[in-house]
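First comes the structure, then the notes that go with it.
The values are calculated or read from the model by the stated rules, or taken from the named source; none is laboratory data. The structure presented is a predicted model; accordingly, all values stated were derived computationally and were not measured. Glycine also receives a Cβ, built like all others from the backbone with ideal geometry; neighbour counts cover every protein chain displayed. The protein model used for the area step is the full one, side chains on, heavy atoms only, and it has no ligands, DNA or RNA in it. Shrake-Rupley method; radii C 1.70, N 1.55, O 1.52, S 1.80 Å.
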Amino acid sequence: MTPALLWLIAGVLLVAAEVLSGDFVLVMLGVAALGAAGASALGAPLMVDAVVFAVLGLGLIFVARPALKRRMQVQRELKTNVDALVGKRAQVESKVDAHGGQVRIEGALWSARAFDETQVIEVGETVTVMEIAGATAVVWAEP
């Protein structure tokens, strides 16, 4: 077997093995092996193939992999449902205190209570949603 074919087989196997790992290390090494296969196919000596593999592998692992992982994490942190309401601004519809009240969050009417038990928030004020507890928005108005 020629070195180019061996590098090609190693690259394909590493990329395929990434499916089981999911950590983006094996795919980076697989791409580096494919680069070494290309160098070998162009007639480069084995030492040059190894240098191409090492440089591509290290470059991809330390440069491309972190950027790819950050991009994938952002998508996983997408807030949905009530989690997306935390931090939103709301308009007080009926007086809110520690015992109850109502606010309008993005057009929807929610029961609410004050985050700070000493706060009494009057109609028309703007508040921030601190958390959602069941079907109640816990809100806070800046003093």
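Descriptive notes on the structure:
- Residues satisfying the stated conditions in region 99-110, i.e. surrounded by 15 or more Cβ atoms within 10 Å (Cβ to Cβ) and within 18 Å of ASP83 (Cβ to Cβ): VAL103, ILE105, TRP110
- Residue match in region 76-88 (condition: closer than 30 Å to LEU14 by Cβ and of a type in the set (Lys, Arg)): yes
- Against the test of being open to solvent by 80 Å² or more (accessible area, probe 1.4 Å) and touching a strand residue (DSSP E or B) at 6+ places or on another chain (Cβ under 6 Å), the options ARG89, ARG71 yield a single qualifying residue, ARG89.
- Number of residues in region 98-113 that are in contact (Cβ under 8 Å) with a residue 24 or more places away in the chain and out of contact with any Lys or Arg (no Cβ under 8 Å at 6 or more places or on another chain): the value is 4.
- Top-ranked residue in region 111-123 [being more than 10 Å from VAL138 (Cβ to Cβ) and surrounded by 16 or more Cβ atoms within 10 Å (Cβ to Cβ); ranked as modelled with the lowest pLDDT]: GLN119
- Of the residues examined, GLY35 is not one that is loosely packed, with under 12 Cβ neighbours inside 10 Å and either closer than 30 Å to ALA4 by Cβ or in contact with a strand residue (DSSP E or B) (Cβ under 6 Å, 6 or more places away or on another chain) (or both).
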